[in-house]
Amino acid sequence: MAVACALTGSLVLVLPEAGSTVKADSAASRGSQGSAEAAPARAEKCESPEESLSPDDKDGPTIEAIRDRKVKKLIVGVDQNSYRWGYRDPNKKTATLEGFDIDLAHKIAEEILGDRDAVLFRAIPTNQRVKAIQSGQVDMVVRTMTITCEREEDVSFSTAYFKTGQQVLAPKSSDITGFDDTLDGKKVCSAKGSTALTKLGELKKKGLDADIGTTVPNQLDCLVRLQLGEVDAVVTDSALAASQAAQDPTVELKGDAPLNTEYYGVAMKKPEKGKDDLVRRVNQVLEDYRKSGWQKSYDHWLKPALGESAGPPAPKYSD
């Protein structure tokens, strides 16, 4: 049953919403390969990628343009099959999207447009998130998107709203114990355009003797490959891995803790001069959401899989 459910979800997710024009990124695109190919000089200058513009609740040209639409809705790129983050519950009659990221998207719409339901969700595969923002298909992406220096070459991020890190997911019966030599000779799956793939590439250069050639458009597809026995392990954010383990009781997170520390942020188009109001407004929403709303959403969606939380990460501002 777990395999069947995951397969169904993966097939739905790779299809864009009606009217979508986003195409798969080419192998040469920085957005599709994850931004591991960005110039090293940028990474050296970027010491705290989770820093963002200071919050402001004033409207500006970007927000005004959203409000002036014939159909006044915020267009948000999301996942629709990441359990407890952004997904459709097959046990419910309605096909309404729900989850931790979905709650945040509703909150942003409520603060900007005065109506939490004034939001149009578009399902965006992992390897098309940057392209969807740059092309204007969406106003923002709220989809477990890790803030990195390389990605900041292409999009702007809000302050961090969740702390995570890379971890290994494998069958409970597996002899894999984490990011160590038990991965040697194993086939490992990750999503295209993900920080997991970037991290695996770094480990490969340092001597990791694993086959990391299996990549998929969406993270859930890795769980399907694992369930079918086509790969031995999955590498993804620990938060997503825990949610997948909650979906399938035959798999578990390996290792005592994530390999590194990463942060999720709301991604938006890089603003032109004088048009940074959307980024600042989202940061103001997050300021308020950390005080009231974040913990309630966490307890409802994520606590069953991740346990008690220390709370949202503190914001960092660059100006």
Quick check: net charge around residue 292, other residues with Cβ under 15 Å of its Cβ, Lys/Arg +1 and Asp/Glu -1?
-1
Note, the range 116-132: 3J(HN,Hα) by Karplus (6.51, -1.76, 1.60, θ = phi - 60°), whole Hz, Gly/Pro = x, goes 5, 8, 7, 9, 10, 8, 10, 6, 10, x, 3, 7, 10, 4, 5, 4, 4
For the ranges 56-63, 197-204, 148-155, 126-133, what's the packing order if you count other beta-carbon atoms within 10 Å of each residue, average per peptide, and put the highest first?
126-133, 148-155, 197-204, 56-63
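Taking the Cβ of residue 163 as the centre, find all other residues whose Cβ is under 13 Å away and add up their charges (Lys, Arg: +1; Asp, Glu: -1).
Its environment carries a net charge of -1.
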So, in Å, what gap is there between the alpha-carbon centers of the range 47-102 and the range 198-266?
25 Å
Amide H of residue 269: which non-local residues (sequence gap of 5 or more, or other chain) have their own amide H closer than 5 Å, using H built in the peptide plane?
156
Ranked by how many other beta carbons lie within 10 Å on average, peptides 258-267, 67-76 from highest:
258-267, 67-76
Between the helical axis of 277-291 and the dominant principal axis of the chain, each derived from Cα atoms, what acute angle in degrees is found, rounded to the nearest 10?
70 degrees
Full extension between residue 69 and residue 177 adds, at 0.36 nm per residue less the Cα distance, a length in nm of 33.7 nm
Check residue 263: other-chain or 5+ apart residues with amide H under 5 Å from its amide H, H built from backbone geometry?
147, 164
Ignoring ligands, DNA and RNA, please state the percent of accessible area on the chain from carbon and sulfur, probe 1.4 Å.
49 percent
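The values are calculated or read from the model by the stated rules, or taken from the named source; none is laboratory data. All values reported here derive from a predicted model rather than from experimental measurement. Virtual Cβ from ideal backbone geometry, glycine too; neighbours counted across all protein chains shown. For the accessible areas, the whole protein counts, side chains as well, though only heavy atoms, and no ligand, DNA or RNA atoms are used. Shrake-Rupley method; radii C 1.70, N 1.55, O 1.52, S 1.80 Å.
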